[in-house]
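Notes to accompany the following structure.
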Amino acid sequence: MRIAITGCGPAGLATALMLSRQEHDVTMFERFDTPRPVGSGIILQPTGLAVLQWLGLTDEIHKLGKRIDRINGVSMPSGKQVLDVDYAALGEGFHGLAVHRAALFEVLYAALRSSGIEINTGIEVVDAIVRRGLVSISDSAGQRYGPFDLLLDASGAGTKLQQHALHPARLRELEYGALWGAFDWPASGFDENALEQRYVRAHTMLGILPIGSHSAVSGDQVAFFWSIKTRSYESWRRNGLDVWKREALSIWPEAGAIVEQITDASDMSLARYGHSTLRKPYGNKIAFLGDAAHSTSPQLGQGANMALLDAWEIAAALRQTSDVDDALRRYAKARRWHVRAFQLSSLALTPFYQSDSRVLSGLRDLLFDPMAKLPIARHVVAGLISGMLAGYGPAGRKMQQITAGATPTERSELP
């Protein structure tokens, strides 16, 4: 098939690689003049790592990332642990891999360049039209491209193509976002195999995540996060860094080795978040992947992993049938319960960590850690954080399908 893909994020890049290997004629469209990553550090969960393993990119990404075995959260000023997630609860060998977004992008993009896939940059796709069973696209300058047999939209939560979904969904901007930056990893004071967080009720959250290096020649880095209401960003800048630094260090004095590296407000970027879920992530000759299909708070850290699973499932659907409409229905069915489970979980849990509610933060501090220590709860919490629920668990059929095709000799047997 002739397939157009919009967006050079993890969903778009991984999908292009998979479909090219299935001998489809893939053309990519990217709105930036030079494709580049957006964001700081992420954790690749066992689900996302399985997809990268199938693509043959495991060695490259592990060289750059940091293995994550635990996620810890402490409520301040009490010092009480209120979050403790251990990947070992899933079984032997399970872990996350923290990476700089630039590292994930470069690994996928390098594979894409070597594949010979056509990439058109500086083109913002804003509309699509279907005629005689084929889809054409147009950009913001009025230029038209195509026709194609199928359009895959991986251009993010702000996509202008969502009007073509069967059931368009309104993006609801969340009150809280985050300031983030990547800095040199401190010599001591932090666990290099854990995501560590500190909370002041639910209105303030600091996070420190070791993310390895973003290239083969750079040193180890750490992603530093500070939760903030997006409408408070300008006042944060006006107040000056010294005011904010005093507050941050009063909460987490050990973070001084990182905070002192922040010398200008521009060292910290503002990330805005929104929640939107398409009931059916497709329309007439178009499918939506990644944040274009389901965006939410990063509280569960599933964004890139969900995008990689979307890529796997759309490729699987197109492997199973040459009927585009049937493939889109198969894709939607394959992703339905996993997407719903994590979208609802993220929406429900976010107010316990990012809100003005004293009640919810109090309940979190009182109940979450004791409940999480129960044997069954430990497994469920680890499954929620790792993305390994709703068919993608350690013994799940879908994970078995992905990992069964992970070796080069078997790779042609599965999408």
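Looking across Gly219, Gly212, Gly158, Gly256, one residue alone is on the phi > 0 side of the Ramachandran plot and not polar (S, T, N, Q). It is Gly212. Can you find, within region 266-290, the residue that is farthest from the chain's Cα centre (by Cα) among those that are of a type in the set (A, V, I, L, M, F, W, C) and within 27 Å of Pro351 (Cα to Cα)? My answer is Met268.
Taken over region 160-205, the criterion of being hydroxyl-bearing (Ser, Thr, Tyr) and modelled with pLDDT under 90 is satisfied by Ser188 alone. Restricted to strands (runs of 3 or more DSSP E) entirely inside region 1-52, those with at least 1 residues that are in contact with a Cys (Cβ under 9 Å, 6 or more places away or on another chain) and buried (at least 24 other Cβ atoms within 10 Å of the Cβ) are 25-30.
So, restricting to strands (runs of 3 or more DSSP E) that lie completely within region 192-247, which ones have at least 1 residues that are under 24 Å from Phe352 (Cα atoms) and among the basic types (Lys, Arg)?
Working: elements: 194-200, 204-212, 221-229.
Hits in region 192-247: 194-200, 221-229.
Does any residue in region 355-374 that is in a helix (DSSP H, G or I) come within less than 8 Å, Cβ to Cβ, of a residue that is of a type in the set (Val, Ile, Thr) six or more places away or on a different chain, and which pairs are these? Every condition considered, the pairs that remain are Arg364/Val82; Asp365/Val82; Phe368/Val82; Asp369/Val82; Ala372/Val85; Ala372/Val381. Here's a check for you: in region 291-308, which residue that is in contact with a helix residue (DSSP H, G or I) (Cβ under 6 Å, 6 or more places away or on another chain) and in a helix (DSSP H, G or I) is surrounded by the most Cβ atoms within 10 Å (Cβ to Cβ)? Ranking the qualifying residues of region 291-308, first place goes to Leu308. Determine if region 340-357 includes at least one residue that is at pLDDT below 90, exposed (fewer than 14 other Cβ atoms within 10 Å of the Cβ) and farther than 19 Å from Ile286 by Cβ. Scanning region 340-357 turns up at least one residue that is at pLDDT below 90, exposed (fewer than 14 other Cβ atoms within 10 Å of the Cβ) and farther than 19 Å from Ile286 by Cβ.
Among the residues making up region 265-287, those that are in contact (Cβ under 8 Å) with a residue 12 or more places away in the chain and assigned to a helix (DSSP H, G or I) are Ala265, Asp267. Residues of region 272-284 that are surrounded by fewer than 23 Cβ atoms within 10 Å (Cβ to Cβ), over 16 Å from Trp337 (Cα atoms) and either of a type in the set (Gly, Ala, Ser) or modelled with pLDDT of 95 or more (or both): Gly274, Asn284. Annotation for region 263-271: at least one member residue is surrounded by 15 or more Cβ atoms within 10 Å (Cβ to Cβ) and touching a Pro at 6+ places or on another chain (Cβ under 9 Å).
Among the conditions (1) on the phi > 0 side of the Ramachandran plot; (2) under 26 Å from the mean Cα position of the chain (by Cα), Gly142 misses just one, which is (2). Can you tell me which residue is nearest to Leu151 (Cα to Cα) among those in region 96-125 that are surrounded by 20 or more Cβ atoms within 10 Å (Cβ to Cβ) and in contact with a Phe, Trp or Tyr (Cβ under 6 Å, 6 or more places away or on another chain)? Checking each candidate, the answer is Val125. Taking residues in region 243-263 that are farther than 19 Å from Val74 by Cα, and partners anywhere that are acidic (Asp, Glu) and in a loop (DSSP other than H, G, I, E, B), the pairs with Cβ atoms closer than 9 Å and at least 6 places apart or on different chains are Lys245/Glu260.
Suppose we keep only residues that are more than 14 Å from Gly383 (Cα to Cα) and of a type in the set (Gly, Ala, Ser) within region 73-92. Which one would you say is surrounded by the most Cβ atoms within 10 Å (Cβ to Cβ)? Among them, the one singled out is Ser75.
The values are calculated or read from the model by the stated rules, or taken from the named source; none is laboratory data. Every value quoted in this text rests on a predicted model; they were computed, and no experiment measured them. Every residue, glycine as well, gets a Cβ built from its backbone with ideal geometry; the counts of neighbours run over all protein chains shown.
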